[in-house]
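For reference, the structure is listed below as structure tokens.
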Amino acid sequence: MTTLEKTKEAPLDDAGATTAAGSIGKRYYTVVFPFSNAEGRRQVLLGLKKRGMGEGLWNGFGGKVEPQESFDECAHRELKEECGLEASHMRYVGVLYMTRKDGSAMTIYAYTAHGLSGAVEESDEMKPQWFDVADLPYNQAYSEARLWWPTMLSGEFFIARFVFSFSAPIKHQIERVDVSHLPSSSSRNLNG
């Protein structure tokens, strides 16, 4: 396993939160996967994208990081905007580096969410639905989902790298990273 110190993609602000400040020209996103153990069943809330990039596909909830917004703040904001939920515990679980053969690239910071409050609501962008973790709709998700979702679901921190030709990954690497020796700073309750 590698250590997190070897990956330095974005700057840290003075509180230790990763920010998109100073990253002009790079595209940064977050994606959040809310979890529930209702009735003894481990479930994840996914959203069916209703418009724009990924229309007709299931995914977590997320979007672009706004200027001067931390990735944690973006994750909380997008979760609330896209499905109506708030999370008292947001855990940063991995990062995805996605590049296309034409050189365009995006970085996506992945989170899991627990301690949910609010009512699940459909938004103009997403139609949310709970799925049993053992029965996820991989056939109606991004093609790379079946490659990295299992690692995200395992709870291990990961770094995933994908190279795409059009919408299909032609190369990928998923690395599980031991972060047990690092202090936890990504699980924050932004309300308090």
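No value in this document is a laboratory result; all are computed from the given coordinates. Every value quoted in this text rests on a predicted model; they were computed, and no experiment measured them. Virtual Cβ from ideal backbone geometry, glycine too; neighbours counted across all protein chains shown.
Which order results if SER36, SER104 are arranged by neighbouring Cβ count within 10 Å, fewest first?
Fewest-to-most Cβ neighbours within 10 Å comes out as SER104, SER36.
For the stretch 98-180, which trypsin sites (Lys or Arg not before Pro) pass both filters: DSSP loop (anything but H, G, I, E, B) and at most 14 other C-beta atoms within 10 Å?
LYS101
Per residue of the stretch 87-100, in order, report the coupling 6.51 cos²θ - 1.76 cosθ + 1.60 (Karplus, θ = phi - 60°) as ³J(HN,Hα) in whole Hz, putting x for Gly and Pro.
For the stretch 87-100, the Karplus-derived couplings read 10, 7, 9, 10, 10, 6, 10, x, 9, 10, 9, 10, 10, 10 Hz, x marking Gly and Pro.
Remind me, what semi-axes does the stretch 42-192 give for its equivalent ellipsoid, largest first in whole Å, using sqrt of 5 times each Cα gyration tensor eigenvalue?
Largest first, the stretch 42-192 gives 23, 20, 16 Å.
What spacing in nm lies between the two simple spin-label points modelled at HIS114 and ASP102, each 7 Å away from Cα in the Cβ direction?
So the label points at HIS114 and ASP102 sit 4.1 nm apart.
Along the stretch 111-128, what does the Karplus equation 6.51 cos²θ - 1.76 cosθ + 1.60 (θ = phi - 60°) give for ³J(HN,Hα), rounded to whole Hz, x for Gly and Pro?
Karplus values, whole Hz, x for Gly and Pro: 10, 10, 10, 9, x, 7, 9, x, 9, 5, 10, 6, 10, 5, 9, 9, 10, x.
If packing is taken as the average number of other Cβ atoms within 10 Å across a peptide's residues, how do 123-133, 42-52, 56-66 rank, most packed first?
Top of the packing list down: 56-66, 42-52, 123-133.
Using Cβ counts within 10 Å as a stand-in for footprinting exposure, how do THR99, THR112, THR151 rank, fewest first?
Listed from fewest to most nearby Cβ atoms, that is THR99, THR151, THR112.
How about the stretch 39-97: which GluC sites (Glu not before Pro) there lie in a loop by DSSP and see at most 14 other Cβ atoms within 10 Å?
GLU55
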